[in-house]
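The block underneath contains the structure these notes are about, expressed in structure tokens.
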Amino acid sequence: MSTGFIHVAPEVTEAVTAGRPVVALESTIFTHGLPRPRNIEVAEETEAIIRDAGAVPATIGVVGGVPTIGLTKDQIVELSNDDDVIKSSIRELAIGAVNGKNAGTTIAATSFLAHRAGIKVFATGGLGGVHHGASENFDESADLLALAQSPIVLVSSGAKAVLDVHATLERFESLSVPIVGYRTNAYPGFYVADSGFEVSHRVESPEQVATIYRTQRQMELSTAVLVANPVPVEEQLDPTGLDAVIEKAWAALEEQNVTGQQVTPFLLEFIRQATGDASLDANVALYRNNARVAAQVAVALDSSNGRK
Ligand code: PSU
Ligand code: MN
């Protein structure tokens, strides 16, 4: 289906129309969050995990200015290797109609597009949120407001470790976005299983997540359901020294005067280099795990064949 300004792959349209399980995936994670050539491998492997679990993957990005839901393999490779690829949050989406550029879509833009295409479940790595010093620099990810306005299930491993996690959780509370720990009481810390903060509610199964989502929809609430799924402990980044690395990343950011959309990719890349790729391994591990759980939730929401 193509409306002229948005393109949905036929496989995705068919699955959504039939009520079969579909999982949306973002593209900023592979255009800006992961280094080449690992980015392509991860993007493809994540789709395979979702298919193996019985759902249709719909990777979302902007191709030649057109928001596209269900990128082909070739389009994933094109975006992954494009030196001019931009990062598109919601406010950049329509600008594509003029600049015709390829873009990775953030969680904010992907949530918006996924919901618009009728997709109910979305898997990512770590959420954007409130940056340190936000009371002065106003750096708060557009992901927050978008998640208050996009009724989808988002499976993530918590807010990215570089963020002010306390402030991020407070903002989600103000925005009325529910967060449930997936088989945990601890709010995950992205690279590590425990951020040191607690979640107020936990769920034990994909079916419970599906029930909360359906209930929110019946109530006509517009907010997302955030499923906080920790990286498996055996695959987490060794927490020793992580705080010191994050502080160094922040110092480098200030020294090099990096601002705006570049902040998050800069911090993630700095930490990857400082940990000798260990943070990358943890990022990939948690993303795989999130894809698996998201597919299980999508299967629990399967409404084809008269199922509810
Ligand atoms: N999760 C990851 N790696 C990433 C991102 C998430 O594991 O690169 C991306 C997401 O697309 C998220 C974005 O929306 O980082 C946040 O960017 P910002 O802080 O500029 O809003
Ligand atoms: Mn920002």
Of the residues in the stretch 222-249, those that are away from ligand 1 (no atom under 14 Å from the Cβ), in a helix (DSSP H, G or I) and touching a residue at least 60 places away in the same chain (Cβ under 8 Å) come to L242, I246
So how many residues does the stretch 251-286 have that are within 15 Å of ligand 2 (Cβ to nearest atom) and assigned to a helix (DSSP H, G or I)? 11
Looking only at the stretch 170-178, decide whether some residue is within 12 Å of ligand 1 (Cβ to nearest atom) and of a type in the set (S, T, N, Q). no
Test for S150: is it more than 10 Å from ligand 1 (Cβ to nearest atom), among the small types (G, A, S) and more than 16 Å from the chain's Cα centre (by Cα): no
Does the stretch 77-91 contain any residue that is away from ligand 2 (no atom under 16 Å from the Cβ), without any contact (Cβ under 8 Å) to a residue 60 or more places away in the chain and buried (at least 22 other Cβ atoms within 10 Å of the Cβ)? yes
Go through E11, E26, E45 for me and flag whichever is within 23 Å of V293 (Cα to Cα) and within 16 Å of ligand 2 (Cβ to nearest atom). E26
If the Cβ limit is 9 Å and pairs must be 6+ apart or interchain, which residue in the stretch 258-277 that is more than 17 Å from A142 (Cβ to Cβ) and basic (K, R) pairs with which residue that is in a loop (DSSP other than H, G, I, E, B) and more than 10 Å from ligand 1 (Cβ to nearest atom)? R272/P35
Please enumerate the residues belonging to the stretch 183-221 that are among the hydrophobic types (A, V, I, L, M, F, W, C) and either in a strand (DSSP E or B) or within 30 Å of A249 (Cα to Cα) (or both). A186, F190, V192, A193, F197, V199, V203
Output the qualifying pairs, or none if there are none: Cβ atoms under 6 angstrom, residues six or more apart or on different chains, first residue in the stretch 19-41 and farther than 24 Å from A142 by Cβ, second residue among the polar types (S, T, N, Q). G19/S303; G19/S304; R20/S304; I40/S80
Would you be able to say whether some residue in the stretch 130-139 is of a type in the set (S, T, Y), assigned by TED's automatic domain parsing to the domain that holds V284, more than 14 Å from ligand 1 (Cβ to nearest atom) and closer than 29 Å to V245 by Cα? yes
For Y287, are the conditions met, namely being touching a residue at least 12 places away in the same chain (Cβ under 8 Å), of a type in the set (F, W, Y) and either away from ligand 1 (no atom under 15 Å from the Cβ) or in the same structural domain as A109 (by TED's automatic domain parsing) (or both)? no
What do you reckon, is T46 touching a Gly at 6+ places or on another chain (Cβ under 6 Å) and part of a helix (DSSP H, G or I)? no
In the stretch 251-270, residue nearest to ligand 1 (Cβ to nearest atom) [restricted to those that are of a type in the set (D, E) and farther than 15 Å from G133 by Cα]: E269
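The values are calculated or read from the model by the stated rules, or taken from the named source; none is laboratory data. For clarity, every value in this text was computed on a predicted model and none was experimentally measured. Note that each Cβ is placed from the backbone with ideal geometry, even for glycine, and that neighbours are counted across all protein chains shown.
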